[in-house]
Protein chains: 2
Amino acid sequence: MVAADHVSLRRNNLSVVLRHVREMGSRSRARIAADTGLNKATVSSLVAELVERGLLREGLAESERGALGRPGQLVELDGSGVCGVGAEINVDYLAVTALDLSGETVIERRLPLDVAHLDPGTTMDELAKLILHAVAAVDLRGGQTAGVTLAVPGLVQSATGALKLAPNLGWAEVPVVEAMRDRLGHPAYPLRVDNEANLAALAAYAEMQIGPEDKIQDLVLLTGAVGVGGGMVTGGHLLRGGRGFSGEVGHMPVAPAGGTCGCGRTGCWETVVGLTALLNKATDPDDPVRDPSLDVEQRLAEITSRADAGDKRTLKALADVGSWLGIGGAILVNILNPDVLVLGGYFAVLGPWLKNPLEVAIRDRVIAPEGGGCRVIQSDLGFTAAVRGGAQISLDQVFLDPTLVGRESTGTAQ
Amino acid sequence: MVAADHVSLRRNNLSVVLRHVREMGSRSRARIAADTGLNKATVSSLVAELVERGLLREGLAESERGALGRPGQLVELDGSGVCGVGAEINVDYLAVTALDLSGETVIERRLPLDVAHLDPGTTMDELAKLILHAVAAVDLRGGQTAGVTLAVPGLVQSATGALKLAPNLGWAEVPVVEAMRDRLGHPAYPLRVDNEANLAALAAYAEMQIGPEDKIQDLVLLTGAVGVGGGMVTGGHLLRGGRGFSGEVGHMPVAPAGGTCGCGRTGCWETVVGLTALLNKATDPDDPVRDPSLDVEQRLAEITSRADAGDKRTLKALADVGSWLGIGGAILVNILNPDVLVLGGYFAVLGPWLKNPLEVAIRDRVIAPEGGGCRVIQSDLGFTAAVRGGAQISLDQVFLDPTLVGRESTGTAQ
């Protein structure tokens, strides 16, 4: 309720103009002034600074697009200037992606790696190489890296940048941000860490805000890998919980007769729906689809082709996982009443066999009529959801504070 | 991003001043102007209107409180002028309460009633009598009723004011707001309906915002009655879900071998932790503590005294319920990572026996270290939490839009 100072006022107005152009498309300065209530001289000065920072660029003149009256120069989002990078550590792969300001993919890589059987240092070395490769790709196109976000399958303390616990990696109390900062040579861009399911949920949520339909504000995303995580957006906000440890759906005690979990307990949901549970049911120990040094998408393609061919053992395993998926899914929908339940990771790949039992369970076991309106959808982001969410979080910071990207370091500065 | 019109601007400024005085205590007009950034003439005019509406009143002169400089007249919250009313329909009781603007209780009543075996019309007649009694008590002290909120143990469509489904009442598709409006003689004050666990969670949350400590922003409240509901506040906001059907924790499928639920399914959490489950385990069918026409607090006092006396059957039943409470509690804490899990309703009354097994389960079964920091507390609002939350929601509307309470109908109008 107190008046803002001039610096923060200017920063806020830069953000208002930048987000306005992102949402509404290319616009003349006069139109931006009319839409936002800012005066024309202020808008001209703000646009000049945003152009200088490589965030907006001059577009076509309005008359060329058929508008009436005196032609005005349009400004539009400059996608290429600024990129966000997301990088993921998971149980059997590393991944990285760079997205530019308009959401275009600049680079995307995944490296199969048996992380659970390596020491954290070696894994961090490998991930650092991937990140440096992505940053180099951004540099090569004359862009600027606005930030790097690390996605990890575990409990994260955002404030300190430490990974508190990731049972399926066998990691505890690893200062991932600090360790990565050293390996990247103490870069100028900000480095963050977040839970992979949170980032995947943000990526899915961002996708659902595009287009003219009513925007989804409540979703649950399940990341199916060796571990199972949940990312939840409620009322348009990521649900983090009191200490940031929300979404540990893989450890809901739902299967008292289940096997031992990576966390050491028995009966956790992921012991009956995680990728290991599926593989144990569907394959013999020496089956190559169990080999974590092969790419997970190739291994899943093999499972898919067996299921397509009607292999009884594979289909039985999928039905079993689907039925357990329904038990936990019904719990989540009863508690959270999401508009959509998004299947991510391996759940998305095997969606054709898993979606139906899940939908049946939601319809039958959720107290609200018609499952409370919850639809089950398969993410089309596959295993890239978390890295995309990570890249987006870095870009979101730029939309909130355009002064984060420097005038000097961009190619357009004078 | 578009400039507001004059009427909504004035309404917003009235709200800013009223909430400022609520939060900061009595204040001079000059101090309010300095704190809020509004100019002095505007503040004087706003304060005059708020006084006229019975929301603020003139207090002591500043010099009498030892302040320096020219004495200024202070204004303070006028608690008595405006009241909110909450009214609850539950399985074996009805309840009503009226709170004034400063949170003081004007009236509070509970009526034991075997609602599940009555038709909705008869129950609504009884509740209407309680509400009219509360409104009369507000009138008697020269106050004005700002609104009435109905609390129900089921799925609510806030927009239409209909109760969609309340399995333990045996009610479905009952237009409770419309039916109550008729019985109250179409009053001028707004009438709302909400889920009882949501309202109880809001009441608990409001209590935790008082005092100098760090404010809790993430809590889960469990309402223990015949049915079990959950109210969740995350990041300071009530979690309602996509269609407002969140918090149906009583129907999480956790006990495959459990009995038949009021909803017709088997294995719902409330079949092993609800009041009926406890009474079935602890007592014989003809035991008077099972009689829903007796007041629930008296019945629970009898259970308490048996447990205190060391009655084996009672203690065994409580241990059993506590252990199941832990299973569901661990699920909720793994998903939501609340700072506190609040035991409401009968769980609060029998807290001395239920709290420990729940705490043990959270510590053992939640993946985040130390249960993610979640503490278990017993609500001291008992069975009044939902009606207090209902009264508060009606008052909140006044803080957001002070023009809701009329100049004519208050005693202070000229």
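In the stretch A:152-169, what residues are touching a Gly at 6+ places or on another chain (Cβ under 9 Å) and closer than 16 Å to A:Leu127 by Cβ?
Once the filter is applied, which keeps residues that are touching a Gly at 6+ places or on another chain (Cβ under 9 Å) and closer than 16 Å to A:Leu127 by Cβ, the stretch A:152-169 yields A:Pro153, A:Gly154, A:Val156, A:Leu163, A:Ala166, A:Leu169.
Checking the condition touching a residue at least 24 places away in the same chain (Cβ under 8 Å) and in contact with a His (Cβ under 9 Å, 6 or more places away or on another chain), which residue from A:Asn334, A:Asn356 passes?
A:Asn334
Within 11 Å of chain A (Cβ to nearest Cβ), closer than 19 Å to B:Asp380 by Cβ and in contact (Cβ under 8 Å) with a residue 24 or more places away in the chain: is that true of B:Leu199 in this structure?
So B:Leu199 fails the test.
Kindly check whether there is at least one residue in the stretch B:391-398 that is buried (at least 23 other Cβ atoms within 10 Å of the Cβ), assigned by TED's automatic domain parsing to the domain that holds B:Asp308 and touching a residue at least 24 places away in the same chain (Cβ under 8 Å).
no
Here's a check for you: in the stretch A:353-367, which residue that is in contact with a strand residue (DSSP E or B) (Cβ under 6 Å, 6 or more places away or on another chain) and surrounded by fewer than 24 Cβ atoms within 10 Å (Cβ to Cβ) is nearest to B:Lys164 (Cα to Cα)?
It comes out as A:Arg365.
How many residues does the stretch B:226-247 hold that are surrounded by fewer than 19 Cβ atoms within 10 Å (Cβ to Cβ) and in a strand (DSSP E or B)?
Within the stretch B:226-247, residues that are surrounded by fewer than 19 Cβ atoms within 10 Å (Cβ to Cβ) and in a strand (DSSP E or B) number 1.
Can you tell me which residue within the stretch A:208-219, out of those that are buried (at least 19 other Cβ atoms within 10 Å of the Cβ) and touching a Ser or Thr at 6+ places or on another chain (Cβ under 9 Å), is nearest to the other protein chains (Cβ to nearest Cβ)?
A:Asp218
How many residues does the stretch B:255-304 hold that are surrounded by fewer than 17 Cβ atoms within 10 Å (Cβ to Cβ), more than 30 Å from A:Ala361 (Cβ to Cβ) and in contact (Cβ under 8 Å) with a residue 60 or more places away in the chain?
Total satisfying the criteria: 4.
Give the residues of the stretch A:329-365 that are facing chain B (nearest Cβ under 9 Å) and out of contact with any Cys (no Cβ under 8 Å at 6 or more places or on another chain), sorted by residue number.
Result: A:Ala330, A:Ile331, A:Leu332, A:Asn334, A:Ile335, A:Leu336, A:Ala361, A:Asp364, A:Arg365.
Given (1) surrounded by fewer than 24 Cβ atoms within 10 Å (Cβ to Cβ); (2) in a strand (DSSP E or B), where does A:Val135 come up short, assuming only one miss?
(2)
For the stretch B:46-94, list the strands (runs of 3 or more DSSP E) that sit wholly inside it and hold at least 1 residues that are at pLDDT below 90; which are they?
Those strands (runs of 3 or more DSSP E) span B:56-61, B:73-77.
On the basis of being within 13 Å of chain B (Cβ to nearest Cβ), more than 19 Å from A:Leu341 (Cβ to Cβ) and not acidic (Asp, Glu), does A:Thr266 make the cut?
yes
Out of curiosity, is B:Arg306 more than 9 Å from chain A (Cβ to nearest Cβ), over 24 Å from B:Ala255 (Cα atoms) and in contact with a Ser or Thr (Cβ under 7 Å, 6 or more places away or on another chain)?
When the stated conditions are applied, B:Arg306 passes them.
Based on this model, can you work out whether B:Asp380 counts as within 14 Å of another protein chain (Cβ to nearest Cβ), over 23 Å from A:Thr260 (Cβ atoms) and either in contact with a strand residue (DSSP E or B) (Cβ under 7 Å, 6 or more places away or on another chain) or charged (D, E, K, R) (or both)?
No, not satisfied.
Looking at the stretch A:339-348, can you tell me whether even one residue there is among the aliphatic types (A, V, I, L, M), outside the structural domain of A:Arg10 (by TED's automatic domain parsing), surrounded by fewer than 22 Cβ atoms within 10 Å (Cβ to Cβ) and modelled with pLDDT of 95 or more?
yes
Quick check on this structure: which one of A:Leu279, A:Leu300, A:Leu294 is within 24 Å of the chain's Cα centre (by Cα) and in a helix (DSSP H, G or I)?
Of A:Leu279, A:Leu300, A:Leu294, the one residue that is within 24 Å of the chain's Cα centre (by Cα) and in a helix (DSSP H, G or I) is A:Leu300.
Checking B:Leu127 against (1) closer than 26 Å to B:Gly229 by Cα; (2) out of contact with any Gly (no Cβ under 7 Å at 6 or more places or on another chain); (3) surrounded by fewer than 21 Cβ atoms within 10 Å (Cβ to Cβ), only one condition comes out false. Which one?
Among (1) closer than 26 Å to B:Gly229 by Cα; (2) out of contact with any Gly (no Cβ under 7 Å at 6 or more places or on another chain); (3) surrounded by fewer than 21 Cβ atoms within 10 Å (Cβ to Cβ), the lone unmet condition for B:Leu127 is (3).
Could you check how many residues of the stretch A:154-169 are of a type in the set (Val, Ile, Thr) and surrounded by fewer than 21 Cβ atoms within 10 Å (Cβ to Cβ)?
Of the residues in that region, 1 qualify.
Return only the number of the condition from (1) at pLDDT 95 or above; (2) more than 24 Å from B:Val96 (Cα to Cα); (3) not aromatic (Phe, Trp, Tyr) that B:His186 does not satisfy.
Evaluating B:His186 over (1) at pLDDT 95 or above; (2) more than 24 Å from B:Val96 (Cα to Cα); (3) not aromatic (Phe, Trp, Tyr) leaves (2) as the failure.
Given the conditions (1) assigned to a helix (DSSP H, G or I); (2) farther than 30 Å from A:Arg109 by Cα; (3) in contact with a helix residue (DSSP H, G or I) (Cβ under 6 Å, 6 or more places away or on another chain), report the number of the one that A:Thr314 does not fulfil.
Status for A:Thr314: all satisfied but (2).
How about the stretch B:170-193: which of its residues are touching a Gly at 6+ places or on another chain (Cβ under 8 Å), assigned to a helix (DSSP H, G or I) and surrounded by 16 or more Cβ atoms within 10 Å (Cβ to Cβ)?
Within the stretch B:170-193, B:Val176, B:Val177, B:Ala179 meet the criteria.
Among (1) over 24 Å from A:Arg375 (Cβ atoms); (2) over 23 Å from the mean Cα position of the chain (by Cα), there is one condition A:Ala307 misses while meeting the rest; what is its number?
Of everything listed in (1) over 24 Å from A:Arg375 (Cβ atoms); (2) over 23 Å from the mean Cα position of the chain (by Cα), A:Ala307 misses just condition (1).
Could you check, for the stretch B:248-265, whether at least one of its residues is of a type in the set (Ser, Thr, Tyr), closer than 28 Å to B:Ala162 by Cβ and not in a loop (DSSP other than H, G, I, E, B)?
There is at least one residue in the stretch B:248-265 that is of a type in the set (Ser, Thr, Tyr), closer than 28 Å to B:Ala162 by Cβ and not in a loop (DSSP other than H, G, I, E, B).
I'm checking my understanding of the structure. Among residues of the stretch B:230-259 that are of a type in the set (Val, Ile, Thr) and more than 18 Å from A:Ile327 (Cβ to Cβ), which one is nearest to the chain's Cα centre (by Cα)?
B:Val233
Residues B:Ala203, B:Ala151, B:Ala197: which one is within 23 Å of B:Arg22 (Cβ to Cβ) and crowded, with 23+ Cβ neighbours inside 10 Å?
Within the list B:Ala203, B:Ala151, B:Ala197, the selection yields B:Ala203.
The values are calculated or read from the model by the stated rules, or taken from the named source; none is laboratory data. Nothing here was measured: the structure is a model prediction, and the numbers come from that model. Cβ coordinates were reconstructed from backbone atoms using ideal geometry, including for glycine residues, and neighbour counts include every protein chain displayed.
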